[in-house]
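Reviewing the structure listed below.
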Amino acid sequence: KFSFRSKIGAPQAGLRITVSIDNGSGGRQSFLALVDTGTGIDVQTQDVDKDGGFGPTITIASGLSYTDWHTIGMKAHFVNGPHNDKVQYLVNDKLVHVGPSWEQFYRNFQSAQHPLGVPVQTLLYRISGTAAPATVGNGFYVDDVFTSLSADVGR
């Protein structure tokens with residue numbers, strides 16, 4: 001869970017940052033992008049199908065204010081077995097999407113590197129996509145970062 005807002009409170013052409021639940025070494029189990037559209041901030045995700053392939057980009061929230069603080073939550077529920085993990089995505093405390101973890105990607109394409117799967121313990125903030133030099137020194141403020149792990153044995 002974390003909160004964010006635009007640093008300058010106005011459009012920043014090309015601004016994009018991704019956030020994922022990960023293992024501390026880039027092994028992601030979810031994906032979320034904060035994208036400045038010029039009229040607000042969109043929140044996007046990308047699900048993995050049962051074969052481990054990546055589906056299309058899904059916009060799960062759009063037109064978020066540049067001046068308000070927004071809260072993002074990602075709750076991953078890992079269950080033994082293939083293609084059954086779920087990640088809940090919340091925007092401003094409202095459930096907006098439930099999708100799979102990336103377990104099938106690792107199971108089908110990187111099982112030699114990750115024979116037991118990819119455990120998670122951190123949030124990975126990542127700059128990716130097309131360079132946007134006009135945003136240098138600006139971007140997003142991020143605050144109230146909170147992570148928690150628990151083992152719900154028997155569920």
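Between Leu95 and Phe146, the FRET efficiency estimated from the beta carbon spacing at R0 = 22 angstrom works out to 0.80. Between Phe78, Phe54, Phe105, the residue with the greatest mean-square fluctuation in the GNM of the chain (Cα pairs under 10 Å linked by springs) is Phe54. Rolling a 1.4 angstrom probe over the chain with all protein chains present gives an accessible area of which 52% lies on carbon and sulfur atoms. A straight chain from His114 to Lys1 at 0.36 nm per residue would run longer than the Cα-Cα distance by 38.1 nm. Between Gln88 and Arg126, the simple spin-label model (points 7 angstrom out along Cα→Cβ) gives 2.5 nm.
Within the straight-line cut-off of under 25 Å between alpha carbons, the lysines reachable from Lys1 are Lys75, Lys86, Lys94, sequence neighbours fewer than 8 places apart in one chain being disregarded. Distances over 17 Å make up what percent of all Cα-Cα pairs in the range 99-155? Summing the P(r) of the range 99-155 above 17 Å gives 66 percent of all pairs. Around Tyr66, under 11 Å between beta carbons, what's the net of Lys plus Arg minus Asp minus Glu among the other residues? Net charge in that neighbourhood comes out at 0. Averaged per residue, the range 86-129 has 61 square angstrom of accessible surface, using a 1.4 angstrom probe with ligands and nucleic acids left out. Dividing the convex hull volume of the alpha carbon atoms of the range 1-84 by its residue count gives 112 Å³ per residue. Over the chain, the Kirkwood radius and the radius of gyration, each from Cα atoms, give a ratio Rg/Rh of 0.98. Restricting the calculation to Cα atoms, every distinct pair contributes to the Kirkwood radius of the range 50-135, found to be 15.4 Å.
The values are calculated or read from the model by the stated rules, or taken from the named source; none is laboratory data. Fair warning: this is a prediction, and the values are worked out from it, not measured in the lab. With ideal geometry, Cβ positions are generated from the backbone for all residues, glycine too; neighbour counts draw on all protein chains shown. Heads up: the accessible areas ignore ligands, DNA and RNA and are worked out on the full protein's heavy atoms, side chains in. Shrake-Rupley method; radii C 1.70, N 1.55, O 1.52, S 1.80 Å.
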